[in-house]
1. Scan segment 27-49 for residues that are in a helix (DSSP H, G or I) and without any contact (Cβ under 8 Å) to a residue 12 or more places away in the chain and jot them down.
2. What tally of residues in segment 43-70 results from selecting those that are surrounded by 13 or more Cβ atoms within 10 Å (Cβ to Cβ) and either touching a Gly at 6+ places or on another chain (Cβ under 9 Å) or closer than 16 Å to Ile105 by Cβ (or both)?
3. Quick one: Phe128 ticks every box in (1) within 18 Å of the chain's Cα centre (by Cα); (2) hydrophobic (A, V, I, L, M, F, W, C); (3) at pLDDT below 90 bar one, so which box is it?
4. Restricting the search to segment 125-165, which residues are surrounded by 13 or more Cβ atoms within 10 Å (Cβ to Cβ) and either on the phi > 0 side of the Ramachandran plot or in a loop (DSSP other than H, G, I, E, B) (or both)?
5. Cβ contacts < 9 Å: first residue assigned by TED's automatic domain parsing to the domain that holds Leu88 and of a type in the set (D, E, K, R), restricted to segment 52-78; second residue in a strand (DSSP E or B) and surrounded by 15 or more Cβ atoms within 10 Å (Cβ to Cβ), any location; separation 6+ or different chain. Result?
6. Could you please find all residues in segment 67-97 being in contact with a Ser or Thr (Cβ under 9 Å, 6 or more places away or on another chain) and assigned to a strand (DSSP E or B)?
Amino acid sequence: MMRSSSFVPYRQGTRQTPSAKGAADFLRANDKMASILPTVTRMAALQKDCAATLPAMFDSCTVLSFESDRLVLAIPNAAIASKLKQQLPKLQESLHIRGWQVIAIRLKVQVTQGIAKKETLKQLTLPFHAVSALATLENTLEDSPRNHALKAALAAMLQRHRTTE
């Protein structure tokens, strides 16, 4: 494995906070990565200008590509795409004023962006008297094949609620 001369191994206790300048320096140091730096810079500037034009609406949108004066935006869902579609003339005019030669804007719904945000599952916590009533029900149910699944479900639920308290 060959190491470049700019490679610095991680040393415990020398942790530095990452910065945009550090990332740019890293990209410049690598020949293959240096070729994408102008594109990354251009896309970041375009993203910033789009967000400045439509700040509330553009929070969840991303610039996917800008080639041949055609802008492609990633939109997380169809509802936002529908709202944004009404604002495209305003966006195109604003970008033109800012120096971007945009002749067409295409919206691409990408549901995966919305999925990337993890939703936290809320754990239902039952009051003490509810847990007590379920325990009583479990203990008073007849031991029969017909009640086996219900008793097992009650036992599992009671176990889960007893461990969370």
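1. Selection gives Arg28, Asp31, Lys32, Met33, Ala34, Pro38, Thr39, Thr41, Ala44, Ala45, Lys48.
2. Residues in segment 43-70 being surrounded by 13 or more Cβ atoms within 10 Å (Cβ to Cβ) and either touching a Gly at 6+ places or on another chain (Cβ under 9 Å) or closer than 16 Å to Ile105 by Cβ (or both): 17 in total.
3. Failed condition: (1).
4. Scanning segment 125-165 gives Leu126, Leu141.
5. Close Cβ pairs satisfying both conditions: Arg70/Ile105.
6. Residues satisfying the conditions are Leu71, Val72, Leu73, Ala74, Ile75.
The values are calculated or read from the model by the stated rules, or taken from the named source; none is laboratory data. This structure is a prediction, so every number in the text was calculated from the model and none was measured. Quick reminder, even Gly has a Cβ in these numbers, built from the backbone with ideal geometry, and neighbours come from all protein chains shown.
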